[in-house]
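Shown next, in structure tokens, is the structure this report addresses.
The values are calculated or read from the model by the stated rules, or taken from the named source; none is laboratory data. Nothing here was measured: the structure is a model prediction, and the numbers come from that model. Cβ coordinates were reconstructed from backbone atoms using ideal geometry, including for glycine residues, and neighbour counts include every protein chain displayed.
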């Protein structure tokens, strides 16, 4: 059997040597591409929260990008740091979801604190809180006594 030459091997197997090594794989890498800077994120939060506070000040993702462009012209931010419209739309979606979770957690804490206060009151003052049925029966019996 003839020995295969390097050219013949490359023709049979066209992938480069080392293609299977983990550091050469480029599939599903989240760190590829640029990330939104914290300064851009702060400006987007300001735009978003201004719209949340007053519905007439609410602006879309395209308007946010235009505002960022204006800030870049004023040299407050770098123009190459500005994200695209789809990225800003996705950021708005994620930020809205995070705010909703935060509000829900706060409401849950408030309800939990109120329930703890009620249970503390029950332990501290069992005569006042007592069984509501028992209180109703006592008030009925006292009114019956007064009628006689």
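Checking residue 74 against (1) modelled with pLDDT of 90 or more; (2) surrounded by 10 or more Cβ atoms within 10 Å (Cβ to Cβ): exactly one of these is not met. Which one?
Condition (2) is where residue 74 drops out.
(1) out of contact with any helix residue (DSSP H, G or I) (no Cβ under 9 Å at 6 or more places or on another chain); (2) at pLDDT 80 or above: which one isn't true of residue 48, the others all being true?
(1)
Do we find a residue being in a helix (DSSP H, G or I), closer than 15 Å to residue 35 by Cα and touching a helix residue (DSSP H, G or I) at 6+ places or on another chain (Cβ under 7 Å) anywhere in region 54-73? Steps first, answer last, please.
Here is the first cut: in region 54-73, the ones in a helix (DSSP H, G or I) are 55-57, 61-73.
Among the residues that remain, those that are also closer than 15 Å to residue 35 by Cα are: none.
Taking every residue of region 54-73 in turn, none turns out to be in a helix (DSSP H, G or I), closer than 15 Å to residue 35 by Cα and touching a helix residue (DSSP H, G or I) at 6+ places or on another chain (Cβ under 7 Å).
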